[in-house]
Each structure stands twice: as C-alpha cells, then as structure tokens.
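Please read the structure below before turning to the comments.
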Amino acid sequence: MPSRRDKTDRPRSARRRTGGVNDSVWRQGEEEQRTRWVRGATERFRALTGTTGRVSGPGRQRPKKNPLAKAIEAWTARLLGAARADGSFAEQEAEYESNRTSQDYLWNTIGLASWGLVFPILTIIVTQLVGVELAGMFSLAFVVGNLLMILANYGARTYQVSDRDGAHSFIDYQVNRWITCALMLLAGYIYCTTRAYEGTMFTMCMGVFVYRAIDGLADCYEGRLQQVDKLYLAGISQTIRSAFSFLVFSLFLLITRDLGISAIAMAIASAFTFVFITLPLSLLETPKSAKLSLASVAQLFAQCFPAFVALFMYNLIDNMPKFIMEGTLSYDNQLYFNALYFPAQAILLTVGFCYKPMLTRMADAWNDLSRRRRFDILIFAALGVVALITLVVLFVMAAIGIPVMSFLYGVDFEQFRNFAYLMIAAGGITGGIDFLYQVFTVMRRQGAVTKLYIITFAFSLAILSMLIRVSELRGAVIGYLIIMAILLVLLLLEYFRIRVEYKRHPEDDPTYLAARARAREDVAEQEEGRAAQACACGEGEGAALRRAAESGAEPTSAARAATRQPLDLDAREIARQERIIREGGEPDPRYRAWRALQQRRKQSGEGD
C-alpha cells in the first residue's frame, strides 16, 4: 500500500497515472531526498561521537588528533613536499631554531640515554626469554659490535663538531663515513669467519653489526646538526632510532624466540629510521654543503687516523676482559660481567650528557688564547663532577642496586656485591678517561695519547690474562680496575706536559701560530692603509724624519725604529715578547724596534 506521504505529497496527475513519466520523476526526487537525509544524519552522528573530523553546525568542535599522529603527518607532508619541489632536501628552508641550549641538554640526554640503555635492557629481555647462556652470547656480539663501531665513527664526531671554520665540507664527512661503515661490516664478517661462528651466532652477530654500522652512519648526520647548533634535533633522531629498534627486536624475540631473526629485524628497523628521519632531517635543517673534494676526504682520513687508533685501542682495552674470558670461561660469565658493568656504563653516559653539549664552547675557549686559564679550570671542574657522579652511583648500588639487578636478571647478584663496587669505581675512571680524550681532540693532540693506549694495552694483556686464569670473574673485575687506573694517570700526566710545553714554548702551539699569522695579516693591512694615507698627503716616513731633523724636533719612536739596522731576534724571543704583550705587559724596546722595522720592510717589499 502507498504510504501517507505518497498520498499527500504526490501530485494529482502523478496519483492518477502509474508508470508514467511524472511518476518516474517523482520517485527519483524521493530517492535523492532520502539519500540526503541519511547522509546528514550520519554526519551528525559521527560529529557527536567524535569519529570524524567533519564538522557541521554551530557549537561543534573538531576532535583533537593524537600528538604522535599529528607529528608523523606533518613530517610526512614535509618530506613529500620537499620531494615534489625539486628532489633536493638541502634547498628547502629550515623550520627549527638553533642555539636552544635547554633543548640541547634535554634531548641530548634523552638520546644518549636511549642509545646507551638499548644494550643492557635487551640483555635483560634476552635473559628472561631465552636463558643465561644465550644472553651471554648476545652480550659478546654486542661487545664486538660496539668495538667495530669505533671503526665506523673513525673518531670524526668531535673533529666534525669542532670544525667551526668549515675546513671540510659536509659531503666530505659523509663520504668519509660511508667508507668507514663499509669497512666496519667487512671487518665484522672477517671476525665471524675467523672465530668460526655458525648458525644463530653468525646471524645474530651480523645483524648486530649492521645495526651498529647504521648507528655509526647516523652519527655523521647528527654531528652535522650539532655543528650548526641544533643538537636537540640530533637527540630526537637518536631517540627515535634507538626506541624503534628496541621495540622491533623485543617483539620479534617474543614471537620467534630466535636471536638471529630478531637481530636482523632490529637492523632493518634502524635502517628505516635512518632513511626516513635522520638523513632528511640533517639535510633539511642545515645549510647546503660545499662540493665534494677527494683531497679533503683523504685529509680527513689522515687527520682523524690518530683519533681512530686511540679510540680503538681504548675500547679494545676496555673490552679486553671479555675477549679473554671468551676463550677461558663459559658464556654465562659474559652475562655476569656485563651486568656488573652496566651501572658503571651509566656513569659514562651521564658524563657524556654533561660534556657533549659543551664541545663547541670548549673548542672556542681553547682557540681563544686569552681564555686558556679558564679552559684549565673547566677541565678540572668536569673531573670533579665525574667523581661526584661516581659517588652517587656507588650509594645507589649499595642501597638498592643489588636487589634490583637480581630481580631483573633472575640471578642472585648478592654474591657479586663487592665486584659491583669495584666495577663502579672503574666506571668513574672510564668516565674521566673518556672526557680527557675529548679534551685532547679539542686541543688537536689526539696523536699524543696513542702511545699511552699502546702502553696500557701491553699491560692489559699481561695483567688480565694472569688474573682471569687464576681468579676467573673476580680476576676480570680487579684487572679491569687496575688497567683503567693506569690509563687515567698516564692521560693526566700527558695533559700537564702539553700545557707546560705550550706555556714555555708558545711557538709550538698551533693555535698560537694561527693567531700570530692572523695578527700579522691585520698589522700588514693597517700599515698599508697608513702608507696610502701618507702617500696621499705627500709625506712618507723618510720625509717625516728629515722634517724632524730640520726643525730640531725629536723624531717619533716608530720613525727611529725604521732607521735602525736589522736586529737579531730568534723565534723563541719573539714568541716570549708577544706573550708579554698578550698578558698586558711592556715589551722590550729592541722587540718594538724589530717589529717596526719588519713592518717597514713589508711596505717597501724588502721583507717577508
């Protein structure tokens, strides 16, 4: 039967006719009206329940998006926009500010913490899911990966961020880092085949090596962000990469219980974040790099080689107990040693939080000759902070550390309490060593510490081999503390030696020589300007002397100095007199005369 609406709304002509043209038109309009009503009702329902962003009508608010979803959407839109523009990310305009000191400290701390905590937390998860023995194997794979990462970094991060004058372009640093990362993977493969690793151990090691190689590669691009005073962006990038890789590894291990598959998945996750976050972020937020110079890349390899050797030797010394234990003790000892080492590593990470944002300022202070004393005070204040951090960690370990470790690992660590205290003391020493090495890098004296590492490495082979064979895990901990203490003392003595040498013989200081060269250029420019003014007035120094003699007046000191014979002043005496001038003292008259004569010779073309 027709509805009430059919009887009242249909036109009379349409009611009288069924199946005609008017009836067909009416039915079509009826269907459209019903469709519009249903669509409007649906939109009103979704707007009220918050299931859609479409808003119609007054008083209705747009539902808020998840902040993470908004950030991902904005970043994706920026990447697509840059790709559609001309495909060059470096040509795009930066959106984030520089020199945000508080953000630098905050995100650098979060980034380093997330990066440093990946290893210990994954070790806990592996212990709980697959057992102590496999956890020891996983710990050893990470130890080797961390050591090979030194090859990937090649000691260039501190050198890069302290390159304030842009001696090398960013593309030079990139090419250098891609080469070193490839060499790292090759060295890792050779290590696995040499140790005859097979099956899960081989797959797990190679997955960890790729993961660490990507970390080393990303370090170059994050160093570029720090170089332009956007360290907080580098911290954000590091945090995302570490967190995402950690989550993927944990998820795959929970599902598969296979360390090899989980390590490969972790490497893929790290590569994903590098391609879509770290790489474009560093290109979008930094100035466009100058052109590639193969000579500059070769120079980078030469300049950073001492730093690489020193860092590699230090990390080899730092991990020597673990390598010696591999051939002597079972793999569960690897887990125990690393578990005891992780609180000490917290000291090292905390020290890094403190000094890494200061590297550029330390470089500026060292390059300013008038601030060298302040630089020394900064060094010893930082070492005092390291000692304070060590005491705090020691107190926490004594209070709650041992029970917490026993709960996390499912192993009774009360039997290792004294070992834990010794390891924390060693951690404080390693924090001081790490900071002092950065100081040597800022001073551009990386090569001075290489011989110290070689000496310490020789001690480590003898001491650790003997103690581990006699006392096993106890010998490994005690030997590690002894070796680190020896290295710290040697580094402090070397620092004092360099500072005393530069004070006595400033001509041996590259920074002093560079400042002296700049000062000479400035003086030459000033004298050229004065000579031009004198020529414009029709009177030079000789005319001034003749005029003074004719009038009986006393000639000026500069005019008298210009007429003297050449004076014999060696380089050391010249450096001593210039240091007196820098400190506000009065130089020797012979030096003033010599300097005036040299300036006049430059003007006449007779001198240097």
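Each residue in the range 365-394 was checked for being among the basic types (Lys, Arg) and either in contact (Cβ under 8 Å) with a residue 24 or more places away in the chain or open to solvent by less than 60 Å² (accessible area, probe 1.4 Å) (or both), and 1 pass.
Suppose the filter is touching a Phe, Trp or Tyr at 6+ places or on another chain (Cβ under 6 Å), farther than 20 Å from Gly155 by Cα and small (Gly, Ala, Ser); does Ala426 pass it? Spelling it out, Ala426 is indeed touching a Phe, Trp or Tyr at 6+ places or on another chain (Cβ under 6 Å), farther than 20 Å from Gly155 by Cα and small (Gly, Ala, Ser).
Looking at Gln299, Gln303, Gln334, which is the one that is open to solvent by 40 Å² or more (accessible area, probe 1.4 Å) and touching a Lys or Arg at 6+ places or on another chain (Cβ under 9 Å)? Lay out the reasoning, then the answer.
Working: Gln299 fails: touching a Lys or Arg at 6+ places or on another chain (Cβ under 9 Å); Gln334 fails: open to solvent by 40 Å² or more (accessible area, probe 1.4 Å).
Selected residue: Gln303, the only one of Gln299, Gln303, Gln334 that is open to solvent by 40 Å² or more (accessible area, probe 1.4 Å) and touching a Lys or Arg at 6+ places or on another chain (Cβ under 9 Å).
Contact annotation: residue pairs with Cβ atoms under 6 Å, 6 or more positions apart or on different chains, pairing a residue in the range 107-131 that is in contact (Cβ under 8 Å) with a residue 24 or more places away in the chain and among the small types (Gly, Ala, Ser) with a partner that is open to solvent by 20 Å² or more (accessible area, probe 1.4 Å) and in a helix (DSSP H, G or I), are Gly111/Gln238; Gly111/Thr239; Ser114/Thr239; Ser114/Ala243; Gly116/Leu349.
Taken over the range 454-501, the criterion of being of a type outside the set (A, V, I, L, M) and in contact (Cβ under 8 Å) with a residue 60 or more places away in the chain is satisfied by Thr456, Phe457, Ser460, Ser465, Arg469, Glu472, Gly479, Tyr480, Tyr495, Arg499.
Annotation: Ala398 fulfils all but one of (1) touching a Phe, Trp or Tyr at 6+ places or on another chain (Cβ under 8 Å); (2) open to solvent by 10 Å² or more (accessible area, probe 1.4 Å); (3) within 17 Å of Thr350 (Cβ to Cβ); the unmet one is (3). The residues on offer are Gly145, Gly166, and the sole one that is in a helix (DSSP H, G or I) and either in contact (Cβ under 8 Å) with a residue 40 or more places away in the chain or among the aromatic types (Phe, Trp, Tyr) (or both) is Gly145.
When Arg444 is tested against (1) part of a loop (DSSP other than H, G, I, E, B); (2) farther than 30 Å from Asp368 by Cβ, only condition (2) is not met.
Here is a yes/no grid of residues against (1) closer than 28 Å to Leu68 by Cβ; (2) more than 15 Å from the chain's Cα centre (by Cα):
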| site | (1), (2) |
| --- | --- |
| Tyr197 | no, yes |
| Gly223 | yes, no |
| Tyr232 | yes, no |
| Val248 | yes, yes |
| Thr256 | yes, yes |
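Please find, among Phe342, Phe375, Phe353, Phe413, the residue that is aromatic (Phe, Trp, Tyr) and either modelled with pLDDT of 90 or more or touching a Pro at 6+ places or on another chain (Cβ under 8 Å) (or both).
None of the other options fit; the residue is Phe342.
Of the residues Val228, Val210, the single one that is closer than 24 Å to Tyr355 by Cβ, open to solvent by 30 Å² or more (accessible area, probe 1.4 Å) and touching a residue at least 12 places away in the same chain (Cβ under 8 Å) is Val228.
Residues of the range 180-194 being without any contact (Cβ under 8 Å) to a residue 24 or more places away in the chain and surrounded by fewer than 17 Cβ atoms within 10 Å (Cβ to Cβ), which ones?
Listed by number, the residues that qualify are Ala182, Leu186, Tyr189, Ile190, Thr193, Thr194.
Considering the range 134-169, and only residues there that are aromatic (Phe, Trp, Tyr) and open to solvent by 10 Å² or more (accessible area, probe 1.4 Å), the residue that is modelled with the lowest pLDDT turns out to be Tyr159.
The values are calculated or read from the model by the stated rules, or taken from the named source; none is laboratory data. Note that the coordinates shown come from a computational prediction; the quantities given were computed from them, not determined experimentally. Every residue, glycine among them, receives a Cβ derived from its backbone with ideal geometry; neighbour counts consider all protein chains shown. Just the protein is used for accessible areas: all its heavy atoms, side chains included, with ligands, DNA and RNA removed. Shrake-Rupley method; radii C 1.70, N 1.55, O 1.52, S 1.80 Å.
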